[in-house]
């Protein structure tokens with residue numbers, strides 16, 4: 001069984017998201033997220049966070065300190081694909097100055113990535129090929145182009161991992177899973193979507 005996990009949109013320190021998720025305080029929300037991470041991730045596993053670890057740039061040090069604690073307790077390898085809320089994403093001016101702060105916690109920080117599973121390439125990005133959690137699609141210049149490759153993403157805050165209007169894509173947002181998703185679970189959702197469209 002794979003020891004690779006994915007999540008996105010933790011939004012640590014983000015009051016609006018904490019309330020949207022049913023918490024009266026940010027501390028209660030963040031404690032829940034941290035405890036879930038620690039209880040879910042096996043020691044020495046790999047966690048890909050696909051963006052938006054924090055709510056605002058002012059929450060950066062707070063969010064990174066919480067994630068460092070997760071890393072210490074689980075000895076997990078952590079990679080970050082930053083999102084629009086993360087100050088190291090290239091869409092932010094001076095992102096290059098921010099990246100070293102993230103590298104004190106994450107083993108890598110990159111705007112997108114590719115993994116291979118069962119001889120199949122799977123792309124990783126914060127942003128889906130299309131769609132947003134707002135009426136207007138934003139950040140189009142930061143999205144990968146859809147050439148039919150499967151994509152694991154965050155950003156949309158959708159409550160279900162898949163959306164029938166978004167082919168070849170699975171959302172690993174905290175809102176969709178409430179925990180990190182295992183690689184085989186995500187791949188099963190991708191394959192399920194492919195079968196439904198065949």
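The values are calculated or read from the model by the stated rules, or taken from the named source; none is laboratory data. Fair warning: this is a prediction, and the values are worked out from it, not measured in the lab. Counting neighbours? That spans all protein chains shown, and the Cβs are built from the backbone with ideal geometry, glycine included.
Values for this structure:
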read-out: Residue, modelled with the lowest pLDDT, within region 1-41, restricted to residues that are under 15 Å from residue 59 (Cβ atoms) and exposed (fewer than 13 other Cβ atoms within 10 Å of the Cβ); value: 16
read-out: Test for residue 133: is it assigned to a loop (DSSP other than H, G, I, E, B) and surrounded by 16 or more Cβ atoms within 10 Å (Cβ to Cβ); value: no
read-out: Any chance residue 93 is in a helix (DSSP H, G or I) and free of Cβ contacts under 8 Å to residues at least 40 places away in the same chain; value: no
read-out: The lone exception for residue 85 - which of (1) in contact (Cβ under 8 Å) with a residue 12 or more places away in the chain; (2) part of a helix (DSSP H, G or I) it fails; value: (2)
read-out: Residue match in region 118-125 (condition: part of a loop (DSSP other than H, G, I, E, B), within 17 Å of the chain's Cα centre (by Cα) and buried (at least 20 other Cβ atoms within 10 Å of the Cβ)); value: no
read-out: Hits in region 81-115 - residues which are surrounded by fewer than 16 Cβ atoms within 10 Å (Cβ to Cβ), over 14 Å from residue 6 (Cα atoms) and in contact with a strand residue (DSSP E or B) (Cβ under 9 Å, 6 or more places away or on another chain); value: 103, 107, 108, 110
read-out: Region 54-73, subset touching a helix residue (DSSP H, G or I) at 6+ places or on another chain (Cβ under 6 Å) and part of a helix (DSSP H, G or I), residue surrounded by the most Cβ atoms within 10 Å (Cβ to Cβ); value: 66
read-out: Near pairs, Cβ below 6 angstrom, 6+ apart or cross-chain, from region 14-41 (closer than 15 Å to residue 175 by Cβ) to any residue that is surrounded by fewer than 17 Cβ atoms within 10 Å (Cβ to Cβ); value: 36/179
read-out: Which numbered condition residue 143 fails, given (1) surrounded by 17 or more Cβ atoms within 10 Å (Cβ to Cβ); (2) over 13 Å from the mean Cα position of the chain (by Cα); (3) closer than 29 Å to residue 39 by Cβ; value: (3)
read-out: Check on residue 176, part of a helix (DSSP H, G or I), closer than 17 Å to residue 48 by Cβ, under 16 Å from the mean Cα position of the chain (by Cα) and modelled with pLDDT of 95 or more; value: yes
read-out: Flag for residue 51 being under 19 Å from residue 18 (Cβ atoms), in contact (Cβ under 8 Å) with a residue 40 or more places away in the chain, in contact with a strand residue (DSSP E or B) (Cβ under 6 Å, 6 or more places away or on another chain) and in a loop (DSSP other than H, G, I, E, B); value: yes
read-out: Residue that is surrounded by the most Cβ atoms within 10 Å (Cβ to Cβ) [pool: residues in region 146-170 that are without any contact (Cβ under 8 Å) to a residue 60 or more places away in the chain and over 17 Å from residue 188 (Cβ atoms)]; value: 156
